[in-house]
Amino acid sequence: MNQTLRVCQTLRVCPLYMDTAIATPAPLQRAPSRQVSWAWLGMLPFLLLMFAFLIYPSLTILSGSFRGQEGEFTLDNIAGLFQANILAAYRVSLEVSAITAVVGACMGALLAYAITWGGLHGRVRSGVITFASVAANFGGIPLAFAFITLMGRTGALPVFLRNNLGIDLYGNGFSIYTVQGLMLAYLYFQFPLMVLIMVPAFDGLKREWREAAANLGGSSLDFWRYVGIPILLPSFLGATVLLFGNAFGAYATAEALTGSKVDVITRVISRQIRGDVLYNPGLSYALALGMVVILAISIALYVWLQRITTRWLRQ
Amino acid sequence: MATPSASSSSRRKPSLTRIFAWAIFIVCAAYLIVPLLTQFDYSLRAKRDQVGFTAYTNVLAIPDPAKAVTVETSPPKVALSLPKFYSSLLFSCLMAVLTIVVNTAIIVPTAYWVQYRLPRFKPAMEFFTVLPFAIPGIVLTFGLLRTYSGPPFNLTNTELGTVVMLVGAYSILVMPYTYRAVDTGLRAIDIRTLTEAARSLGAGWPVVILRVILPNLRVAVLSAALLTFAIAIGEFTFVNFLFPDERAFGSYLAAIGRNKIFEPAALTIISFLMVWAAVLLIQRLGRGGNQTQVTGIR
């Protein structure tokens, strides 16, 4: 409507339906440029919120990363990231995030398969989706509590295994307060998230394709190998990247479960916020910037994979 | 395996597929349920050789006023004589409500405006709504504290300022979900006709948004609100640094975890039930849709 109006204005013609507009010529005379600048103002509250609580703090981190004690430009903070203990913390974080993302993605995709193409419909399907939504939102401190009760030194699982099967988990070097323990806890929210992302993807695979494959003499295995998996792959990989970011930024679970026993990068930053002994303001900015850079790369990857996905799975 | 029976769907699936599917289901379900079951079992054992709800009553019971902890919630200063469970939950609920109000007040008009007048802004909105994913909670906390705990904007030395920071941070966190829910809601209604009808009847913009658009977005706004609740209530990363006095529910949970044995188990079950309630309500609202693929920060 607006567009037509503008075209008519420039062509100095009026279509029939605009008779009323002629009767009240006021809107016609308003210059389009003034309308645009006014429309922009509608975005102001949103842009202010974004600027004040996201962009400005991010810029603070960015500029702080390249500034020394006197406010001069320096690369020392970035160079400071390459200390052994900081690199180790980054490595632990990357390891935990990558492994839980891949394992969680596989588990989640299999479960999504089971409740869509695997034939577990009806109650099982809706039950899994509800439970997965809850579990994906259930992280942080209560999750750590639950895993300590289950797999702590005197937890239910080690005690059960010792008394009934004679397996001594803790005697064999297992502990929930380690990187492995952290991964087990992270998986609890990782694979349900995968289920939630993959169920629509599996639903988007058309049954007709299966029939077409069968008509051409393809087996079920052929269908998955040549049709199903190639189509789902971008969305699977995209979701895996999402899970990676999900675990990489996790702080509360790590704090409550392993505390100081495992140094993930979020905990190193939290210590810098508190201003502990190793406090170095410049370095703490660089630590935060490092996390943002890694996440930004993974999100760019995700957006790219998402583009490929929508090409095939558009409803 | 190659029987072309796909049209009659899964009932006649080869049994191998179904056995495989059931096996996956059982393993995954066990992973999700066993930790909760053992935690529930543990929470019932607060009294030696006895199964009971002692841990729950320890947490939930309202003791006689003499023993109660007095906590002041802000911004409206209300002095409460309640166990810390309630006062911290109330504080977190208050923060959630403030976030919901701020977020709805900003996102609904913005999404509407972009859809109605500034469709060219859509790619920019897509970009903005992805940004919060790049800034993890702990980094945003750090950035906010470094930005607003000194001149020129010193927010951390007043109660109100800290609340503003927390609500602002939560708004950023839930913004992608709120925006997407509202945007989907807007696509489902004919905003152009509605707007033009309302405008031609003499309605001003506030009336259009409040009395025409907003009622049509009830479901989207309510789901976003419930989600904000689910995220804000147990949230730990921000409150741990912005309110170190263990005023919020998340830090209360952490404190109980450090000091008590059976109560953390009871609180795990209670938090799980709260998230469950929020998710069920969202699903009810969405009428069968599974649009809750969302996570808070951990």
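The values are calculated or read from the model by the stated rules, or taken from the named source; none is laboratory data. Source: prediction; values computed, not measured. Backbone-built Cβ (ideal geometry, glycine too); neighbour counts: all protein chains shown. Heavy atoms of the whole protein, side chains included, go into the accessibility calculation; ligands, DNA and RNA do not. Shrake-Rupley method; radii C 1.70, N 1.55, O 1.52, S 1.80 Å.
For the reader, a short list of remarks on this structure follows.
- Contact order for chain A, expressed relative to its length and based on alpha carbon pairs under 8 Å spaced 6+ residues apart, stands at 26 percent.
- Label-to-label distance, nm, for residues given as A:Asn280 and A:Asn85 (7 Å Cα→Cβ offset): 1.0
- Charge-dipole axis of the stretch B:83-287 as Lys and Arg at +1 and Asp and Glu at -1 on Cβ define it, positive-most pick from B:Val174, B:Pro151, B:Val108: B:Val108
- For the listed peptides A:232-244, B:255-267, a ranking on the average number of other beta carbons within 10 Å per residue, highest first, reads A:232-244, B:255-267.
- Computed FRET value (nearest 0.05) for B:Thr158 with B:Ala255, which takes r as the C-beta separation and R₀ as 30 Å: 0.80
- Taking every Cα-Cα distance in the stretch B:74-175 and sorting them into 5 Å bins starting at zero, the pair-distance distribution P(r) comes out as 2, 11, 16, 18, 19, 15, 10, 5, 2, 1, 0 percent.
- Backbone phi angles across the stretch A:67-84, fed through the Karplus curve with coefficients 6.51, -1.76 and 1.60 (θ = phi - 60°), yield HN-Hα couplings of 10, x, 4, 8, x, 7, 6, 7, 10, 4, 4, 5, 4, x, 5, 8, 8, 4 Hz in residue order; Gly and Pro are listed as x.
- With only the Cα atoms considered, the stretch B:206-261 has a convex hull volume of 103 Å³ per residue.
- Once the Kirkwood radius over Cα pairs is known for the stretch B:83-287, the Stokes-Einstein relation at 20 °C and 1.002 mPa s delivers a diffusion coefficient of 115 µm²/s.
- Computed as a quarter of the hull surface, the mean projected area of the alpha carbon convex hull for the stretch B:126-202 stands at 7.8 nm².
- When chains A and B come together, the accessible area they lose, probed at 1.4 Å and totalled over both chains, is close to 8200 Å².
- Relative to the longest principal axis of the Cα atoms of chain A, the long axis of helix A:229-248 lies at roughly 70 degrees.
- Per-bin percent of Cα-Cα distances, the stretch A:126-237 [5 Å]: 2, 10, 15, 13, 12, 11, 10, 9, 9, 6, 3, 0
- Over the stretch B:83-287, Cα pairs under 8 Å with separation of 6+ residues give a relative contact order of 30 percent.
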